[in-house]
1. So which of B:49, B:89 is within 11 Å of the chain's Cα centre (by Cα) and within 16 Å of residue A:101 (Cβ to Cβ)?
2. Quick check on residue A:62: is it under 21 Å from residue A:100 (Cβ atoms) and away from every other protein chain (no Cβ under 14 Å)?
3. Looking only at the range A:63-114, count every residue that is buried (at least 21 other Cβ atoms within 10 Å of the Cβ) and touching a helix residue (DSSP H, G or I) at 6+ places or on another chain (Cβ under 8 Å) and tell me the total.
4. Right, residue B:42: within 11 Å of another protein chain (Cβ to nearest Cβ) and either closer than 27 Å to residue A:88 by Cα or in contact (Cβ under 8 Å) with a residue 24 or more places away in the chain (or both) or not?
5. Determine whether the range B:73-84 contains at least one residue that is closer than 27 Å to residue A:39 by Cα and in contact with a helix residue (DSSP H, G or I) (Cβ under 9 Å, 6 or more places away or on another chain).
6. Which one of these is closer than 24 Å to residue B:36 by Cβ and in contact (Cβ under 8 Å) with a residue 60 or more places away in the chain: A:9, A:41, A:14?
7. Is it the case that residue B:73 is within 14 Å of chain A (Cβ to nearest Cβ) and in contact (Cβ under 8 Å) with a residue 40 or more places away in the chain?
């Protein structure tokens with residue numbers, strides 16, 4: 001089966017650093033994505049990991065350990081606009097045609113306070 | 001600005017109505033998707049089209065009928081919906097179903113069934 005776990009809510013202070021964890025169980029792991037979603041808006045792509053290690057993109061970094069089924073998203077120099085839900089999504093190989101199904105976690109709602 | 005355009009942004013319909021949701025992208029992507037998202041829940045996959053052919057139907061009730069008239073357009077026809085079908089309906093696209101490129105999401109249609 002497939003299972004993705006992330007904390008439901010987190011709070012942090014403007015200017016600080018926050019780490020959002022994601023653990024997953026899947027039979028055909030083929031990459032992990034992080035998306036940001038503001039309330040009532042579309043998810044927007046933040047980062048992608050398929051190999052172990054850290055990927056850095058400006059204020060955002062994402063880490064993956066395939067052996068542990070674990071990823072985290074690190075947000076630095078937090079800004080008020082970073083208040084949003086952060087969705088961990090795992091791509092799972094599935095069936096014929098090479099279709100890779102994207103399975104979303106429930107998301108972590110981050111509130112950034114002044 | 002999102003490169004995937006969905007219309008309408010909001011839709012209110014009765015249980016006996018017939019309506020359609022529309023999605024358009026001009027990025028040359030050959031895979032298009034419909035997701036359903038309830039409040040504070042992750043997006044759930046409904047349908048996948050690859051090269052204008054239906055590839056995946058995630059056991060969606062027949063009151064939802066997808067259509068892909070051409071490589072740029074994706075429709076979702078709605079008929080005899082139930083109040084529990086009220087949700088945010090997200091369209092997404094990617095270069096192909098095999099790619100590990102991220103999905104590009106539209107801003108969604110917020111549907112209310114009365």
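The values are calculated or read from the model by the stated rules, or taken from the named source; none is laboratory data. Worth saying up front: this structure is predicted, and the values here are computed from it rather than measured. Cβ: placed from backbone, ideal geometry, glycine included. Neighbour counts: every protein chain shown.
1. It is B:49.
2. When the stated conditions are applied, residue A:62 does not pass them.
3. Qualifying residue count, the range A:63-114: 2.
4. Details: within 11 Å of another protein chain (Cβ to nearest Cβ): yes; either closer than 27 Å to residue A:88 by Cα or in contact (Cβ under 8 Å) with a residue 24 or more places away in the chain (or both): yes.
For residue B:42, the condition - within 11 Å of another protein chain (Cβ to nearest Cβ) and either closer than 27 Å to residue A:88 by Cα or in contact (Cβ under 8 Å) with a residue 24 or more places away in the chain (or both) - is met.
5. Restricting attention to the range B:73-84, the residues satisfying the condition of being closer than 27 Å to residue A:39 by Cα are B:73-78, B:81-84.
Keeping just the survivors that are in contact with a helix residue (DSSP H, G or I) (Cβ under 9 Å, 6 or more places away or on another chain) gives B:78.
Yes, the range B:73-84 contains a residue that is closer than 27 Å to residue A:39 by Cα and in contact with a helix residue (DSSP H, G or I) (Cβ under 9 Å, 6 or more places away or on another chain).
6. The match here is A:9.
7. The answer is no for residue B:73.
Okay, residues lined up against (1) closer than 16 Å to residue B:61 by Cα; (2) within 14 Å of chain A (Cβ to nearest Cβ):
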| residue | (1), (2) |
| --- | --- |
| B:79 | yes, no |
| B:83 | yes, no |
| B:97 | no, yes |
| B:101 | no, yes |
| B:104 | no, yes |
| B:108 | no, yes |
| B:111 | no, yes |
| B:114 | no, no |
